[in-house]
Amino acid sequence: MRRQAGIVLALLALAAVFVALGVWQVQRLAWKTRLIAQTDRAIHAPPVDPAALPPGELTPYRRLAVSGHFLPQATTLVTGTSELGTGYWELVPLANDRGGTVMINRGFLPQGSRIAAARAAVPAGPVHIEGLLRLTEPGGTWLRANQPARDRWYSRDVAAIAARRGVVVDPRLFIDSWQAPVPGQPVGGLTIVAFPNSHLGYALTWFAMALMALGGAVVTGRRP
């Protein structure tokens, strides 16, 4: 009887754990649903100048627009991948008309691109950039850390890149440009905005396992 009671208690404990995990996934579902809705609103909102953003209101993928001129000598190539394959993201500071400077991800360049050629191709004169707000990516990736001293970059760490180039920019963000493809220029508009949302399925799985554990406890408890 003790062994039987122990099995019943273990199954009831498992059921409680499974229910807790199911509730957690329901909470995650609500959070993910709000995140998707917030992002959708941000993408479709009218573009604003980054200088007009309140300090605490950095909504990723918010539409931004800024006018000014690039600082081509501060161009940086960051190793990355896109739907076009392996290559580089081209980051260039832009001094805007309001007196500030913001980092622009002008787009994607193929593997083998050279920094000198990239700098030479940066447009001179006034430009108008529209794109999406992205948060800085400090440190590097989980596989490779940035190496500022060697000018090797694996994530778009705005503050570190700006320090290396000797420019002062807003360290919190960069703008993913939506510029139309132009021969000889980086390919913009490659931002992927996708949030997998499988939390409902996970929740149902955990609740089903809880029912199975409860059923097992009932069957075990009724055995003579």
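The values are calculated or read from the model by the stated rules, or taken from the named source; none is laboratory data. Owing to the predicted nature of the structure, the values given are computational and were not obtained by experimental measurement. Ideal geometry is used to build each Cβ from the backbone, glycine not excepted, and the neighbour counts take in all protein chains shown.
Laid out as a table, the results:
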quantity	calculated
Scope the range 117-147; condition exposed (fewer than 14 other Cβ atoms within 10 Å of the Cβ), more than 15 Å from L71 (Cα to Cα) and either touching a Cys at 6+ places or on another chain (Cβ under 7 Å) or not aliphatic (A, V, I, L, M) (or both); matching residues	P138, G139, T141, W142, R144, Q147
Residue within the range 38-59 that is closer than 27 Å to L200 by Cβ and of a type in the set (A, V, I, L, M) present	yes
Candidate set from the range 181-201 (those that are more than 19 Å from the chain's Cα centre (by Cα) and part of a loop (DSSP other than H, G, I, E, B)); member that is surrounded by the fewest Cβ atoms within 10 Å (Cβ to Cβ)	P183
Some residue of the range 176-183 being in contact with a Leu (Cβ under 7 Å, 6 or more places away or on another chain) and more than 30 Å from V23 (Cβ to Cβ)	yes
Any hit, the range 108-131, residues being closer than 21 Å to G166 by Cβ and among the acidic types (D, E)	no
Where F207 falls short, out of the listed (1) assigned by TED's automatic domain parsing to the domain that holds I7; (2) hydrophobic (A, V, I, L, M, F, W, C); (3) out of contact with any Gly (no Cβ under 9 Å at 6 or more places or on another chain)	(3)
Within the range 156-174, considering residues that are aliphatic (A, V, I, L, M) and without any contact (Cβ under 8 Å) to a residue 24 or more places away in the chain, the one farthest from N105 (Cα to Cα)	A163
Unique residue being within 30 Å of A45 (Cβ to Cβ), buried (at least 20 other Cβ atoms within 10 Å of the Cβ), in contact with a Lys or Arg (Cβ under 8 Å, 6 or more places away or on another chain) and charged (D, E, K, R) when the list is D170, D176, D157	D176
Close pairs from the range 40-65: first touching a residue at least 40 places away in the same chain (Cβ under 8 Å), partner acidic (D, E), Cβ under 8 Å, at least 6 apart	P47/E130; P50/D170; R63/E130; L64/D49; L64/E130; A65/D49; A65/E130
Some residue of the range 159-166 being assigned to a loop (DSSP other than H, G, I, E, B) and either assigned by TED's automatic domain parsing to the domain that holds L14 or touching a strand residue (DSSP E or B) at 6+ places or on another chain (Cβ under 8 Å) (or both)	no
Residue tally, condition in contact with a helix residue (DSSP H, G or I) (Cβ under 7 Å, 6 or more places away or on another chain) and farther than 14 Å from V158 by Cβ, over the range 76-89	1
R106 charged (D, E, K, R) and either in contact (Cβ under 8 Å) with a residue 12 or more places away in the chain or touching a His at 6+ places or on another chain (Cβ under 6 Å) (or both)	yes
